[in-house]
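The structure under discussion appears below in the form of structure tokens.
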Amino acid sequence: MAEERLVEKWRPKSLDEIIGQPKAIRLVKRNVKNGLRAHLLFWGPIGVGKTSVAKCLPKEKPLAEELEKSAPVGGDFVPKNGRELDRDKTREISRAAKSAGRRIYFIDEADGMRKDIQQILRTTLELVTETTFIFSCNDLSDIAEGINSRCSPIPFKKLEDEHIMEIILRVCKGEGWDVSSKEAKKALESLAKHADGDGRKALNILEL
Ligand SMILES: Nc1ncnc2c1ncn2[C@@H]1O[C@H](COP(=O)(O)OP(=O)(O)OP(=O)(O)O)[C@@H](O)[C@H]1O
Ligand SMILES: [Mg+2]
């Protein structure tokens, strides 16, 4: 069987494992505490933890218990890619979102959604009571105002070199790699700089 890539193998499994995003985590935790009733819009540069945070959410308490109790058939956390949504798929999401059962739809790469698709979802956001939408994007200017204004914004920032270092060292430790020598440390520091704030890029270079 092929080895799992480092980015997936070491994707944070809980919000407390997310590095260097204190503001986003504070806002997300506050929303979770309130039962995650508001739709959220994650935005920020690439490879900084947006998808990772979304994937952690269904496991956070007290949301986890709530989802478990009322999970509809077909899952309570439904990931979708904004680029892949056509009218049929989006109408299907709208229909399901309006039906009974607590659900979270996670629309990744939301800035890749067509304008007509955003229009359909914009209306859906107003009509749903048990479904929460979470959108994630890099470029806020590609998100229709109608969606933007119906979501709580959660800004993610570019990671500092020290945070990239922390991510790399966590993976090295987990893999059991000895990076205690001066040379290794220097090489990792240069890798962290090269990653330019992108955690995914850092782990992909580390894998080479
Ligand atoms: N803040 C972080 N804390 C810990 N690990 C991180 C963080 N950001 C990125 N990573 C690592 O990089 C990988 C990719 O991150 P993620 O998919 O969450 O980025 P993203 O912000 O969704 O990027 P994109 O905008 O390209 O979708 C994760 O699997 C994880 O290993
Ligand atoms: Mg992502």
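Throughout, read-outs are computed from the coordinates displayed, never taken from laboratory work. What you see is a predicted model; the values in this text were computed from it and never measured. Counting neighbours? That spans all protein chains shown, and the Cβs are built from the backbone with ideal geometry, glycine included.
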Does segment 14-22 include one or more residues that are more than 19 Å from G197 (Cα to Cα) and either away from ligand 2 (no atom under 16 Å from the Cβ) or surrounded by fewer than 18 Cβ atoms within 10 Å (Cβ to Cβ) (or both)?
yes
Exclusive hit being closer than 23 Å to G197 by Cα and surrounded by 11 or more Cβ atoms within 10 Å (Cβ to Cβ), set P45, P58, P62
P45
Counted residues, segment 22-44 - those being within 12 Å of the chain's Cα centre (by Cα) and in a loop (DSSP other than H, G, I, E, B):
1
Residues of segment 33-83 satisfying the condition of being near ligand 1 (Cβ under 10 Å from one of its atoms) and of a type in the set (V, I, T):
I46, V48, T51, V53
